[in-house]
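Note sheet for the following structure.
Bear in mind that the values in this text are calculations on the coordinates, not laboratory data. Bear in mind the structure is a predicted one, so any value in this text is a computation, not a measurement. Every residue, glycine as well, gets a Cβ built from its backbone with ideal geometry; the counts of neighbours run over all protein chains shown.
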Amino acid sequence: MESLRLIYDGEIPIQQQKMDSLTTSFRKSLELIGATARETFQNHGKIGEVKAKLRLAEDDMVKALAVKTRKEAERMARMDAIAAQKARVEELRRSVQEQRANRDEYAAITSQQFLALAALEDRSNKEVECKAETQVATLWYNRVLGFHVEGGHGVKFTFKNINPKNPNEKYFFTIRYAYDTYTLLDCDPHLNDTKELIHELNRTNGLFKFVRIMREKFQEAVAQEFWPQSTTRHQESSMISMSAPVLSMSTDRSESSDHCVQHGEGNRPKKVIHARVMKPDVLSPGSASSVRWSPRLKVNK
């Protein structure tokens, strides 16, 4: 027993030392656990703060994504608007080019119309002047020479103021134009050399010259009839003939008048003469293309 007691007494300090060591170790473990627990608690607080910050960061990120998305949408809308504006500008540019082309075309048309209008006005003024001159010449022929033209089956040319003893006595001849040929239908009084004159008329188509020569033939016939009388009457009739606008001129002037009339109607001399034969008011030798006023007639005007 004593030996066991001695053994136990020897082991008790050892066991007590172990217990003390274990207690110390346990206390240290408890302190470590407490420190760890406190650290863990502190970390939990920090984790909460970090989570709160993370939530804030997520909110900021969501807001940033929303702003980015909105800005991207705005950018896309601006790009679409810019593309639409570019298309509109291109369309307007094409429209402007078309309008400029139309403007140039309209300007050219307007310029041509203005030129045509000016030409028409000039032609109208000339026609008015020609008509007035024709009327004056016709009145002059009717008043001074007793000249009258009458249409019908043929064209009848009548003259007065041929016979000094009877100025109202009428001298006339009638010609007909058909199939590009002139034919003398009637002549009162009868004259010689009419066949040669008609042949010359058909050859040259100089109607005004033919009318002038026929009047001179009538004057010669009257002069031969009254030859024993004073020559002053013949000179007086010659003066009347010389003062006429066209019929008093020389052969060259008559031919130039015929040439002007023919060219004025498009180089169709025979057809033009036919048209003038069918219209007595145009047949007057005092037309605008053939009238050549004498100084005596200008004074009367």
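A quick yes/no check of all residues on (1) among the hydrophobic types (A, V, I, L, M, F, W, C); (2) part of a loop (DSSP other than H, G, I, E, B):
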site: VAL149; (1), (2): yes, no
site: HIS153; (1), (2): no, yes
site: THR158; (1), (2): no, no
site: PRO167; (1), (2): no, yes
site: THR174; (1), (2): no, no
site: LYS195; (1), (2): no, no
_Looking only at the range 146-170, how many residues end up being within 51 Å of the chain's Cα centre (by Cα) and either among the small types (Gly, Ala, Ser) or within 18 Å of ARG215 (Cβ to Cβ) (or both)?_
10
*asked:* Contact list please: Cβ distance under 7 Å, first residue in the range 130-142 and without any contact (Cβ under 8 Å) to a residue 12 or more places away in the chain, second residue crowded, with 17+ Cβ neighbours inside 10 Å, pairs at least six apart or on different chains.
replied: ASN142/HIS148
